[in-house]
Amino acid sequence: MQETATLPAPTTNGTANNPAALPAWRQKLVAVLVTFHLFATLLYVAPYPPYMDDRAMGHPEVKREMELLFKPMYLVIPYGKDWTELKDTVLGLVRQYTATYFKVRKLVEWYMDAASIQQAWNMFGGTPPHFPRVFMVEIKPLGATEFLPYRDFHWGGKDESEYDFRHRKTHEILGLGGWDRQREDYANYWARLWNREHPGLRVHQVRIYYWQLTTPPPEKARAGDMDRHPQRVNEFNWTVPADLQ
Amino acid sequence: MTTRWQRYVDFWNEREAPHALALLRITFGAAITANVAQQILCGQVLEMYAEIEHGGIFSFRFNNSPYSLFQYLGLSAAVCWALAGIQLVAGTTLTLGLFTRFSAFLVWIIQGTFYDRMIMFRYDGDNVYRVATWLMLLAPAGACWSLDALWRGKGSLDIPKWPRRLFMAQLAIIYSRTGLVKLGSSWSFLDSWQAIYLAVNLPGIARWPGDWAARVFPLTQLATFISKWFEVTFFLLPLNQYLRRDTLPRGRLLTLLRRVDARLGYLVVGLGMHAGIFILMDVGFFSIVMLSLYPCYFMPQEVQRAHAWVSARLHAARHKPAVPT
């Protein structure tokens with residue numbers, strides 16, 4: 001409390017403790033630079049749709065969202081012959097906005113890149129998925145005819161608790177899209193792990209895939225129907241390179 | 001016009017006691033130290049950053065950052081371990097306020113380097129760390145409660161307010177942007193406000209199977225509503241703090257708007273929301289880094305009072321007379 005009592009009241013132009021108060025031009029410079037930082041950050045984080053390609057629009061989650069949004073909207077704004085025409089019109093406008101936005105954003109990208117502060121905050125943006133996916137790995141050892149289960153990331157399992165949120169982020173990225181090159185690298189990672197854990201039983205092929213679940217509506221879940229209708233999707237088979245076999 | 005411009009310049013050049021920024025440095029420094037310590041202890045350093053032949057998982061490089069040290073040093077195991085070790089030490093010295101600016105610089109450049117490489121593993125918490133380290137680098141955060149002030153004569157009784165205000169703005173940007181993109185039907189009546197119910201049913205994110213959530217569905221709906229509108233309207237908090245400044249002319253509307261200190265509501269709801277996220281979902285250090293930035297909304301005199309209160313309690317506990325038996 002004594003320290004509080006000795007503190008000078010804040011002032012605009014510094015205090016006796018700070019005899020080298022900023023000259024006027026530096027004060028103006030501070031105001032300009034801070035304003036630019038805020039302007040750049042605000043412009044950079046302006047919302048835009050993350051994906052607008054055909055693959056994204058064909059995703060069951062996105063298709064469901066479009067229907068839920070545009071069907072009621074068509075009742076209020078009956079533009080076009082049905083809700084799909086309204087949807088196409090609005091998406092066209094969004095595409096134009098996005099193209100213009102990225103042109104304008106170039107004004108500040110140099111600063112955001114230079115300061116290494118590129119940002120776009122999307123936590124559960126859009127909607128949390130109704131159809132979440134569970135990552136699975138199977139291995140076919142050399143000489144075997146069948147794939148063997150290797151990793152199962154269902155809830156409560158050993159693998160689910162052993163690997164933390166960062167691996168699950170990888171599963172999410174590869175489940176939503178990703179490149180085959182990334183899937184090959186990840187498959188090789190599991191192959192190396194298998195080889196380490198099973199000396200003498202080398203890997204020939206790795207298969208990664210997902211169980212796509214459907215989160216039951218709460219009323220069904222309350223009635224005891226917890227069937228999540230698992231569907232096997234995004235299967236990727238990979239013959240590992242010779243040095244891993 | 002000149003007067004208005006001068007007032008604007010004065011606003012950004014106002015000064016204050018350094019205690020709130022010092023507390024922010026301590027909480028954020030501890031959070032980033034914990035983040036890199038977790039990577040080291042869980043054996044993730046090589047998996048995430050190294051070349052495959054050195055224990056990494058992914059071969060491609062994502063060199064978006066002009067300052068990624070991996071571009072110059074390579075992706076060997078030794079480099080990855082060295083950078084993780086340096087960030088651990090720099091995070092600790094940032095927390096302690098020793099060579100504060102240099103520590104912040106090291107933490108910033110290494111966080112940028114790691115973030116650039118970890119594209120297959122990163123989540124928003126990693127980006128909060130990255131963005132906040134830049135703001136910490138700009139801030140005179142070692143002006144008090146620091147070894148710089150104690151040993152190196154770098155203490156100061158006042159510092160500019162703008163660094164703390166940038167943190168306030170950044171926190172508001174994170175929340176409000178996140179709220180604005182919650183446009184999906186599950187965040188509204190269109191799909192029964194079931195976003196949180198869906199989130200706790202996500203394998204890989206939810207800590208437990210989400211069957212329990214159906215039994216408390218109305219609570220999850222309430223949580224959905226509160227968290228969405230908490231985020232969307234968070235930008236009002238810095239606005240409220242701006243209006244509560246004494247130097248503004250006192251009009252009737254301003255008097256009304258600044259009567260309520262919105263911090264109590266927003267920060268308590270935020271604390272509850274992050275506690276809920278931390279308990280129910282495994283999203284790493286996201287909640288911790290967000291909460292570590294909350295001291296930016298504390299006034300220096302409040303931090304001083306809290307410090308004095310804690311010091312008095314500790315002093316009293318140490319010098320408690322023995323109870324005769």
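Among the helices (runs of 4 or more DSSP H) confined wholly to region B:37-142, which include 1 or more residues that are over 25 Å from B:Pro18 (Cβ atoms) and under 20 Å from the mean Cα position of the chain (by Cα)?
Values: elements: B:45-49, B:70-73, B:77-96, B:100-117, B:124-138.
Passing ranges, in order: B:77-96, B:100-117, B:124-138.
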Practice task
Tell me, yes or no, whether region A:126-133 has at least one residue that is in a helix (DSSP H, G or I), more than 25 Å from B:Gly56 (Cβ to Cβ) and within 11 Å of chain B (Cβ to nearest Cβ).
Solution key: no
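Condition check ((1) closer than 30 Å to B:Leu147 by Cα; (2) modelled with pLDDT of 95 or more; (3) aliphatic (A, V, I, L, M); (4) open to solvent by less than 30 Å² (accessible area, probe 1.4 Å)) across all residues:
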| residue | (1), (2), (3), (4) |
| --- | --- |
| B:Tyr49 | no, yes, no, yes |
| B:Ile57 | no, yes, yes, yes |
| B:Phe70 | no, no, no, yes |
| B:Leu73 | no, no, yes, no |
| B:Trp81 | yes, yes, no, no |
| B:Gly91 | yes, yes, no, yes |
| B:Phe105 | yes, yes, no, no |
| B:Trp108 | yes, yes, no, yes |
| B:Gln111 | yes, yes, no, yes |
Exercise for the section: Test each condition in (1) out of contact with any strand residue (DSSP E or B) (no Cβ under 8 Å at 6 or more places or on another chain); (2) open to solvent by less than 10 Å² (accessible area, probe 1.4 Å) for B:Asp158 and report the one that comes out false. Expected result: (1)
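Quick one: how many residues across region B:116-138 are aromatic (Phe, Trp, Tyr) and open to solvent by 30 Å² or more (accessible area, probe 1.4 Å)?
Taking region B:116-138 as the starting set, the residues that turn out to be aromatic (Phe, Trp, Tyr) are B:121, B:123, B:129, B:134.
With open to solvent by 30 Å² or more (accessible area, probe 1.4 Å) added as a condition, the list becomes B:134.
Number satisfying all stated conditions: 1.
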Handout entry: Single residue of region A:111-122 satisfying the filter (surrounded by fewer than 21 Cβ atoms within 10 Å (Cβ to Cβ) and farther than 15 Å from B:Trp134 by Cβ) that is farthest from the other protein chains (Cβ to nearest Cβ)
Key = A:Ala120
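Going residue by residue through region A:73-84, is there one that turns out to be in a helix (DSSP H, G or I), farther than 20 Å from B:Ile173 by Cβ and charged (D, E, K, R)?
Of all residues in region A:73-84, those in a helix (DSSP H, G or I) come to A:73-76, A:83-84.
If we keep only those that are farther than 20 Å from B:Ile173 by Cβ as well, we get A:73-76, A:83-84.
From what is left, the residues that are charged (D, E, K, R) are none.
Checking region A:73-84: not a single residue is in a helix (DSSP H, G or I), farther than 20 Å from B:Ile173 by Cβ and charged (D, E, K, R).
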Handout entry: Filtered residues of region B:2-28 (kept if hydroxyl-bearing (Ser, Thr, Tyr) and within 16 Å of B:Phe167 (Cα to Cα))
Key = B:Thr27
Practice task
Scan region B:146-165 residue by residue and report those that are modelled with pLDDT under 95 and part of a loop (DSSP other than H, G, I, E, B).
Solution key: B:Arg152, B:Gly153, B:Lys154, B:Gly155, B:Ser156, B:Leu157, B:Asp158
Problem - Residue list for region A:147-164, restricted to those being surrounded by fewer than 18 Cβ atoms within 10 Å (Cβ to Cβ) and either at pLDDT 90 or above or assigned to a helix (DSSP H, G or I) (or both) - result: A:Phe147, A:Leu148, A:Pro149, A:Asp152, A:Lys158, A:Asp159, A:Ser161, A:Glu162
Exercise for the section: Please find, among B:Trp193, B:Trp212, the residue that is over 30 Å from B:Leu166 (Cα atoms), at pLDDT below 95 and more than 9 Å from chain A (Cβ to nearest Cβ). Expected result: B:Trp212
Exercise for the section: Kindly indicate the residue of region A:193-245 that is assigned to a helix (DSSP H, G or I) and among the small types (Gly, Ala, Ser) and also modelled with the lowest pLDDT among those meeting that condition. Expected result: A:Ala242
Exercise for the section: Would you please name the residue that is most open to solvent (accessible area, probe 1.4 Å), looking only at residues in region B:176-190 that are assigned to a loop (DSSP other than H, G, I, E, B) and at the interface with another protein chain (Cβ under 7 Å from one of its Cβ atoms)? Expected result: B:Leu183
Handout entry: Which numbered condition B:Ala206 misses (of (1) at the interface with chain A (Cβ under 7 Å from one of its Cβ atoms); (2) small (Gly, Ala, Ser); (3) farther than 28 Å from B:Leu237 by Cβ; (4) touching a residue at least 24 places away in the same chain (Cβ under 8 Å))
Key = (1)
Exercise for the section: Quick one: which residue in B:Arg25, B:Arg15 is of a type in the set (Lys, Arg), more than 11 Å from chain A (Cβ to nearest Cβ), touching a Gly at 6+ places or on another chain (Cβ under 9 Å) and buried (at least 17 other Cβ atoms within 10 Å of the Cβ)? Expected result: B:Arg25
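The values are calculated or read from the model by the stated rules, or taken from the named source; none is laboratory data. Predicted model, so just to flag it, every value in this text is computed and none were measured. When we count neighbours, we look across all protein chains shown, and the Cβ atoms used for this are built from the backbone with ideal geometry, even at glycine. For accessibility, only protein heavy atoms count, side chains too; no ligands or nucleic acids. Shrake-Rupley method; radii C 1.70, N 1.55, O 1.52, S 1.80 Å.
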